[in-house]
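**Q** Below is one structure. I have some questions about it.
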Amino acid sequence: MSFELNIDNSQNEETIYKQLSNQLEHLIAPTDKIISNLSNFTSALKQSFSKISWVGFYIRSNDKLFLGPFQGNTACTEIKIGNGVCGTSALNKQTIIVDDVEKFSDHIACDSGSRSEIVVPLILNEIVWGVLDLDSYELSAFNEIDKFYLEQFCNFLVSKLELDKFALV
Ligand code: SME
């Protein structure tokens with residue numbers, strides 16, 4: 001299925017999130033493959049916000065997170081649960097906003113230009129399936145508005161897609 005996203009980037013961030021929210025219903029189709037839906041989702045975020053330098057999924061298998069669909073520069077392929085911002089978010093099942101990555105001692109630098117970050121866990125039947133990670137070259141790029149909508153979007157993906165059927169091989 002094909003769907004062209006139509007976002008007016010000149011609006012404020014909350015309005016952009018609302019535009020995205022309205023169009024996700026059409027962009028994310030359960031009849032499409034999970035990997036295709038997740039790939040388009042990362043693209044939709046990247047094209048909506050110029051502050052995003054990197055956006056992608058890390059998907060859990062046992063005690064590690066593995067690089068999934070993303071938009072941006074090449075990134076580290078494996079992160080242990082408990083390590084870095086992604087692994088800490090997965091361990092604690094909580095969203096983490098990092099205003100300055102240099103002040104998060106355990107931050108894993110995939111791109112030395114990255115300055116701030118937000119990581120949102122995707123929780124399926126109380127188990128972390130993976131995380132959504134967004135990076136920015138700007139300090140303090142992410143706030144409570146990002147957290148609110150990104151958590152809503154992750155819950156939407158969990159409810160709409162049969163993520164437990166996604167196999168890491
Ligand atoms: N910074 C992350 C690693 C992933 S990259 O940002 C894409 C972390 O500390 O977990």
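**Q** Loop-only GluC sites (Glu not before Pro) in the range 1-108, please: DSSP not H, G, I, E or B, and at most 10 other Cβ atoms within 10 Å.
**A** In loop regions of the range 1-108 (DSSP not H, G, I, E or B), the sparsely surrounded GluC sites (Glu not before Pro) are Glu4.
**Q** Restricting things to Cα coordinates, could you compute the convex hull volume per residue of the chain in Å³?
**A** 106 Å³
**Q** Now, a different point. Pick out which of Ser50, Ser116, Ser21 has the largest mean-square fluctuation in a Gaussian network model of the chain, springs linking Cα atoms closer than 10 Å.
**A** Fluctuation is largest for Ser50.
**Q** Tell me, in nm to one decimal, what length is gained between Asp99 and Leu168 on full extension, where the rule is 0.36 nm per residue of separation less the Cα-Cα distance?
**A** 21.7 nm
**Q** While we're here: Taking amide hydrogens as modeled 1.01 Å from N in the peptide plane, which residues meet the under 5 Å criterion relative to Asn83, leaving out close sequence neighbours?
**A** Those qualifying (amide H under 5 Å, at least 5 residues apart or on another chain) are Thr88.
**Q** Spin-label point model (7 Å from Cα, Cβ direction): what's the Asn73 to Lys160 distance in nm?
**A** Using points 7 Å along Cα→Cβ, the separation is 3.1 nm.
**Q** If you average the alpha carbon positions of the range 7-54 and of the range 68-98, how far apart do those two centres end up, in angstrom?
**A** With the range 7-54 and the range 68-98 each reduced to a Cα centre, they are spaced 20 Å.
**Q** Please compute, over every Cα-Cα pair in the range 4-75, the percentage with a separation greater than 20 angstrom.
**A** Details: 926 of 2556 pairs.
Beyond 20 Å sits 36 percent of the P(r) for the range 4-75.
Laboratory data are not the source of any read-out in this text; all were calculated from the coordinates shown. Remember, it's a predicted structure, so these values are computed and weren't measured experimentally. Neighbour counts run over all protein chains shown; Cβ positions are idealised from the backbone, glycine included.
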